[in-house]
Structures are given as structure tokens and as C-alpha cells.
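The block underneath contains the structure these notes are about, expressed in C-alpha cells.
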Amino acid sequence: MGITIRTALAAGVLTALAAPAMAQDITVGVSIPAATHGWAGGMNFHAQQAIERLEEVYPQVDLVLATASDPAEQVSDIEDMVATRGIDALVVLPFESEPLTGPVQAVAESGVWITVVDRGLSVDGIEDLYVAGDNAGFGRVSGEFMASALPEGGKIVALRGIPTTIDNMRVEGFEAAIEGKNIEVLGMEHGNWNRDDSFTVMQDFLSRFPEIDAVWASDDDMAVGVLAAIEAAGRDDVQFVLGGAGMKEMIARTRDNDPMIPANVTYPPAMIATAIELTVVGQVSSAPVAGTFTIGSELVTPENAAEYYFPDSPF
Amino acid sequence: MAMTDAEQGSKARTRLPPMTVLGPILALVILVLVGAALNSNFLSAANLTNVLSRSAFIGIIAVGMTFVITAGGLDLSVGAMAAFIAGLMILVMNAALPALGPGVPIVLLGMAVALLAGLVAGLLNGFMVTTLGIEAFIVTLGTMGIYRSLVTWLADGGTLSLDFGLRTYIRPIYFDGILGMTWPMIVFALVVIVGEILMSRGVFGRHCAATGSNEHVAHYSNVRVGRVRLITYAMLGLLVGIATIMYVPRLGSASASTGVLWELEAIAAVIIGGTVLKGGFGRVWGTVLGVLILGLIENILNLTDLVSPYLNGAIQGVIIILAVILQREGRSA
């Protein structure tokens, strides 16, 4: 019983999948992590938008989107795309670098165009196009803003993300940028890019340090928790909180000149759209798109905030 | 043996109480002393209020979990359930805002939604465990995945946020209170008192222990085993709803990362407190100590620089195991 249903289902899915692939010339696979947190949610939103737009512009291109909630599932997604859809190009935002390197390399060797987004693979030279986020730059821009906002120096606390290479690169960039600027980092703890965790950490920082000039929350989700803790404690020594990644609510507060949120540093989830667009352009035209494209982390201030505000995005 | 020791404690009062009773108390006292020695702000009213208020969510859930585990069950879905209920509560309140406006009715509506959703979710778990006879671990693992996906779906992968004006209106539910106690602390205390009475003085507590200890014997002793189990799950669901009512006013948002690992924290608190994981014996006051121990460890680690933040999880793990060993040694002695 179970087997027959499964076979029938599989056969149905296969025919459904195979039919449009025959009718169209170019198939591009897009494999990304599922929307399990704010930034990934924004990334999923921008991926879907880019796919809708491109399928309208280029009727001969078929885009296939798969979202995975762990690296193993992502590997299966990619294998399925190669086996059942015969993709000509693959755009992949690796869940983790190590487990995805081998499978993506195998796909590349079969002659498929590879575009890697955000975090790189563990072996160089697999991808044809690398659309990279700039984590060290994210930390550096944050540190430079902190130094310029506290010209006399000052005492700050910092919240870190989930312990990963990404987080380490950001923190190293930040520390290098504030070196010699007379800024004392009183404490640094992991808020795990999570509102509740950062709320707890900030409450304890406020109990521990009677005088804090500013907070580097390093992420807008964490900034939400930090702001709630400061508000509840009724402390007015904290002059501002610097988040990051460009959540729309936070961008709006910067745009509206909220003194607590004077700036933001971008790490745009829309970089997935850049990668999909470039890949499709490379497939349908003779314009060269191979190489590395680094998306800079930019400082958002009240003057330019309107340009970074996307009202429809979930992030 | 240990159980009878604990129960007949009054006879043996001339000597020290057994380690099953002393263990968690000792662990808590040591933690308080360590915290006070490391940071002078540790015992300040503000810090203690912070720790007690934010421990209240896990605490309220853990009291319910004590009954479920005592009756021989387990519920892995509570964290995801809390996230789902929080999301639902926010959506309903936002939707009702144009009609009702910020005020008491909309808060009551939000609370009713949370309690009802919790009760239904709990009954659903209980129904599948008792009537359909599926292993509790599997049922609640399944519902955990379902609720976690549902909240991600409701939030479209992002974050569900309460309307800003409404958030300002309901903020006091988490941050205010009476007589220096915040509302989450008061609600937690009430839940504990009712739970302790049910567990140690009521018939229901004895039926839970009998069910968890030996289902067949309990059945022949005229205990309605299925109904007892169903009630424990329903009660836990209701308490998850209550915890969510306290949680939503704090940050006014819910996302896929809300309530992650709450189920394990609640289970850890129950076990640290001396309830037996395989069922048959439970105590609510012990669970309270377990919750406080877990809350204080995190607080102390944040208040000091002694340990690299990379090792926070390891310290928590060591203290959890030590707290349980303290009790076991008492048993063998």
C-alpha cells in the first residue's frame, strides 16, 4: 500500500517536473537555507521576488527554487535538481561550507555553471561566480561608526552572534577598527542573533556595569532585545545602540532620526537576488559574469536610510 | 527506598533530611553564595527581579511538565507550542485592533486565545498518547516540528510583531506588578502553590504517581490511567498558554527562534528538582529549585568574565549533572 502510493506519487511528480523542462531551453536551480530566522526570511523573500521577475523577463528560462532546513537536506535538493531537472546553472547559498563542498564540486564537474552566495566553499575554484557578503567589512564599518560617534572614547558592551566563522570575522573587523580610539569594551557575550537571548544578556550587563555609553548589538534582532532591556531598566546612560543587517523597522527608526538608533550597517539578504540575476544574464547573453562580486557592508544614516527601506520584505 | 525516606522524613527529623531533599537546596545555596562573592550587584533587588521574571516562563511550563513526567509521559513540543501560541496571539490581537482599539477587551481576547490554543494543543498531544496509544516521545516530537513550522509559516519566515501602540499598552504585564513583585513572578508563585497542593495533598497527584510508577497496578487499583495522562497533557498545554501570556508583552514579537530549547530547559529543571524521569515520583517544589538553579547559572555567567562565553554551555551542563549526582549519592548512602 505504502509503496504503491509512493511510486505513484513519485511518477506523478517526475512527469510534472519533466514537462516544463522539455519546453524551455535553460533551467537554473536555486538552493538556499529555509527561512528559520529574520535574515534568512528576507533572503527567501528576495529570492522569490527575483525568480518571479526573471521568469517574466526571460520566458525561455525556468527557475527552480528549493529551501532546506539543514545541510543534508540541501545536498539532497541539489542532487534532485541535477537528476530530475537537468539544470544548466546552480545558484547555492551553502548552509555550511564543509558539507556542501563535495556535492557542489561534483555538480560543477558535470559541466553545470556554479554560483556561490554569501559563504564560500572550503575548496577554491569550484564556483564560476562568487557573490560574497563582506563580514570583515561589516565589523570594520560598525567599529568605525562607533569610533566616530564616541569621539572622546567611551565604555561599550558588545553582543555577538552564534559562535561561527562569520561571527569571528565580524568581531575581529570591529576590534581592529576601534583599536587606539580609547573605546573600552567592558563585556562581550553571545546573544545568538536572537531577541530573547540578547534581552537576557543585556539585562545582566546593565546589572553588572553602572555606566555604559553605547552598545554594539551587531544585529537588528539583537538590538530589539537590547532596547527592551534598557527601556525596562530605565537607564539613561546608554546613548545609542548600533545594530546591523538592515531590518526594516530599525531602518525606519534611523530614517526618523531616533537618537537611540543613529545608524545601521547593511548585510543585505537581497544579495541572493544579485546572484540569481547575474547567473541568468550569464546564461541568456554573452555578457561575462564569471569572477567574484563582493557586496559591501554600508553605513546607513538618517540621510540615506530611505534607500535601504523595503516595506514589503518580511525582514 | 529513597522515596519512602522522603515521605517518612517527619519520623527521621532528628537526623539531617536525606540528600534527595538536600541536594537541590544545597546546589541553589552554593550558587547564590558564588554569585554574591563574584559580583556585588548579584543580590540587588533589580538583578533578582530580572532573573525571577525571566525564569517564570520556563518555571510555569516546568510545573506542568512535572505532572506529565510523574505520570510517565514526556512533552517535547512545549517550546514550539509556546512560539506558535505567541504568534497566534499576536496575529489575533493585531487583527482585532481596528475593531476593539487598545484597551482591556483586546488584552482579554489575546489571553483567551492563548489559553484556548494551549488547552487544545495539550489535549491533542494527550489524545494521541492515550487514545491512539502512540509513544509520547514520538507524538510530541511530531507536534514540535508542526508548531515550529507553523510559526515560521505564519511569520513568513520573518518576525511577527505586535502593533507598536498595543505593545506599549500591554508591556506592564511583564514589567510591572505589585508590592515589588512583577506579574510573571506572581503568576509563577500562584502556579507553584496550586501545583504543590495538587501534587502532594490532592488525589490527582497520587494518581499521577501511581500511573507513572506502574500503569497496570494503577489500573487495577481503580485509577483511570488514560484520563489522568490526558489531564496532565491538557494542564501542561494550558500552562504553556499562561507562560505565553507573560512572554508576549516583553518583546511584543514571535519568530521561528522563539522558545527554542524551552522543552529541554523545562525537563532539565524537573529532573534537577528530583522528579524521576521514568515517572512514578514527582515534586513541584523541587522543580522550582531546578528552574532557579538554571536561571542563576546563566545570570552568574553573564555577570562575570571568569569563563570564556564559548564555554557557557559546558558550565551549565556540569552543574546540571552535579546537581543530580548530589541526589544519587544520597540514595546509595
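The values are calculated or read from the model by the stated rules, or taken from the named source; none is laboratory data. Because the structure is predicted, anything quoted here is derived from the model rather than measured. Reconstructed Cβ throughout: ideal geometry from the backbone, glycine too, with neighbour counts over all protein chains shown. Accessible surface areas use protein heavy atoms only, side chains included; no ligands, DNA or RNA. Shrake-Rupley method; radii C 1.70, N 1.55, O 1.52, S 1.80 Å.
Consider the range A:154-199. How many of its residues are among the basic types (Lys, Arg) and touching a Phe, Trp or Tyr at 6+ places or on another chain (Cβ under 8 Å)? It would help to see each step written out before you state the result.
So in the range A:154-199, the residues among the basic types (Lys, Arg) come out as A:155, A:160, A:170, A:181, A:195.
Subset that is touching a Phe, Trp or Tyr at 6+ places or on another chain (Cβ under 8 Å): A:155, A:170.
The qualifying residues number 2.
Here is a list: B:Glu265, B:Glu298. Which entry is touching a residue at least 40 places away in the same chain (Cβ under 8 Å) and among the acidic types (Asp, Glu)?
On the way: B:Glu298 fails: touching a residue at least 40 places away in the same chain (Cβ under 8 Å).
Being touching a residue at least 40 places away in the same chain (Cβ under 8 Å) and among the acidic types (Asp, Glu) holds for just one of B:Glu265, B:Glu298, which is B:Glu265.
Out of the helices (runs of 4 or more DSSP H) lying entirely within the range B:13-105, which hold 1 or more residues that are closer than 20 Å to B:Met246 by Cβ and in contact with a helix residue (DSSP H, G or I) (Cβ under 6 Å, 6 or more places away or on another chain)? Walk me through it before giving the result.
On the way: elements: B:19-38, B:45-70, B:78-100.
The qualifying helices (runs of 4 or more DSSP H) are B:45-70, B:78-100.
How many of the residues in the range A:280-300 are β-branched (Val, Ile, Thr) and open to solvent by 30 Å² or more (accessible area, probe 1.4 Å)? Lay out the reasoning, then the answer.
Quick first cut of the range A:280-300, residues β-branched (Val, Ile, Thr) only: A:280-281, A:284, A:289, A:292, A:294-295, A:300.
The next check asks that each one be open to solvent by 30 Å² or more (accessible area, probe 1.4 Å); those that pass are A:281, A:284, A:292, A:294.
Here the count works out to 4.
Residues in the range B:62-98 that are open to solvent by 10 Å² or more (accessible area, probe 1.4 Å) and within 22 Å of B:Leu109 (Cα to Cα): how many?
So the answer is 9.
Is it the case that the range A:224-233 has a residue that's under 29 Å from A:Phe45 (Cβ atoms) and in contact (Cβ under 8 Å) with a residue 40 or more places away in the chain?
Within the range A:224-233, one or more residues are under 29 Å from A:Phe45 (Cβ atoms) and in contact (Cβ under 8 Å) with a residue 40 or more places away in the chain.
Go over the candidates A:Gly111, A:Gly102 one by one and state the one that is more than 14 Å from every other protein chain (Cβ to nearest Cβ), assigned to a loop (DSSP other than H, G, I, E, B) and open to solvent by 30 Å² or more (accessible area, probe 1.4 Å).
Values: A:Gly102 fails: assigned to a loop (DSSP other than H, G, I, E, B).
Exactly one of A:Gly111, A:Gly102 is more than 14 Å from every other protein chain (Cβ to nearest Cβ), assigned to a loop (DSSP other than H, G, I, E, B) and open to solvent by 30 Å² or more (accessible area, probe 1.4 Å), namely A:Gly111.
Which condition breaks for A:Tyr58 when tested against (1) of a type in the set (Ser, Thr, Tyr); (2) without any contact (Cβ under 8 Å) to a residue 40 or more places away in the chain; (3) open to solvent by 40 Å² or more (accessible area, probe 1.4 Å)?
A:Tyr58 satisfies every listed condition except (2).
Could you list all residues from the range B:67-104 that are among the β-branched types (Val, Ile, Thr) and free of Cβ contacts under 8 Å to residues at least 24 places away in the same chain? Spell out the reasoning first.
To start, the set of residues in the range B:67-104 that are among the β-branched types (Val, Ile, Thr) comprises B:68-70, B:78, B:85, B:90, B:92, B:104.
Hits for the range B:67-104 are B:Val92, B:Val104.
What helices (runs of 4 or more DSSP H) lie completely within the range A:172-277 and have 1 or more residues being away from chain B (no Cβ under 13 Å)?
A:248-255
Hey, among A:Gly143, A:Gly137, which residue is at pLDDT 90 or above, part of a helix (DSSP H, G or I) and within 17 Å of the chain's Cα centre (by Cα)? Spell out the reasoning first.
Values: A:Gly143 fails: within 17 Å of the chain's Cα centre (by Cα).
None of the other options fit; the residue is A:Gly137.
Which of the helices (runs of 4 or more DSSP H) contained wholly in the range B:242-333 include at least 2 residues that are basic (Lys, Arg), away from every other protein chain (no Cβ under 14 Å) and surrounded by fewer than 16 Cβ atoms within 10 Å (Cβ to Cβ)? Talk me through it step by step, then tell me what you get.
Numbers: elements: B:262-272, B:284-303, B:312-332.
Once the helices (runs of 4 or more DSSP H) in the range B:242-333 are filtered for at least 2 residues that are basic (Lys, Arg), away from every other protein chain (no Cβ under 14 Å) and surrounded by fewer than 16 Cβ atoms within 10 Å (Cβ to Cβ), what remains is B:312-332.
Yes or no, residue by residue, for (1) touching a Phe, Trp or Tyr at 6+ places or on another chain (Cβ under 8 Å); (2) modelled with pLDDT under 90; (3) within 28 Å of A:Val224 (Cα to Cα):
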site: B:Ala218; (1), (2), (3): no, yes, no
site: B:Ala243; (1), (2), (3): yes, no, yes
site: B:Met246; (1), (2), (3): yes, no, yes
site: B:Ser253; (1), (2), (3): no, yes, yes
site: B:Ala256; (1), (2), (3): no, yes, yes
site: B:Leu264; (1), (2), (3): no, no, yes
site: B:Leu277; (1), (2), (3): no, yes, no
site: B:Leu301; (1), (2), (3): no, yes, yes
site: B:Leu306; (1), (2), (3): no, yes, yes
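May I ask you to list pairs of residues, at least six apart or on different chains, whose Cβ atoms are under 9 Å apart, with the first in the range B:205-226 being within 23 Å of B:Val192 (Cβ to Cβ) and open to solvent by less than 80 Å² (accessible area, probe 1.4 Å) and the second being among the aromatic types (Phe, Trp, Tyr) and outside any loop (DSSP other than H, G, I, E, B)?
Listed by first residue and then by second, the contacts come to B:Gly205/B:Phe67; B:Cys208/B:Phe67.
Cβ-Cβ below 7 Å, separation at least six or inter-chain, first residue in the range B:158-186 and acidic (Asp, Glu), second open to solvent by less than 40 Å² (accessible area, probe 1.4 Å): which pairs?
Every condition considered, the pairs that remain are B:Asp163/B:Leu97; B:Asp176/B:Thr182.
Here is a list: A:Ser76, A:Ser142. Which entry is open to solvent by 50 Å² or more (accessible area, probe 1.4 Å) and hydroxyl-bearing (Ser, Thr, Tyr)?
A:Ser76
Out of curiosity, is A:Pro33 open to solvent by less than 10 Å² (accessible area, probe 1.4 Å), at pLDDT below 90 and in contact with a helix residue (DSSP H, G or I) (Cβ under 8 Å, 6 or more places away or on another chain)?
no
Do we find a residue being under 21 Å from the mean Cα position of the chain (by Cα), within 28 Å of A:Ala35 (Cβ to Cβ) and within 14 Å of chain A (Cβ to nearest Cβ) anywhere in the range B:178-194?
No, every residue in the range B:178-194 fails to be under 21 Å from the mean Cα position of the chain (by Cα), within 28 Å of A:Ala35 (Cβ to Cβ) and within 14 Å of chain A (Cβ to nearest Cβ).
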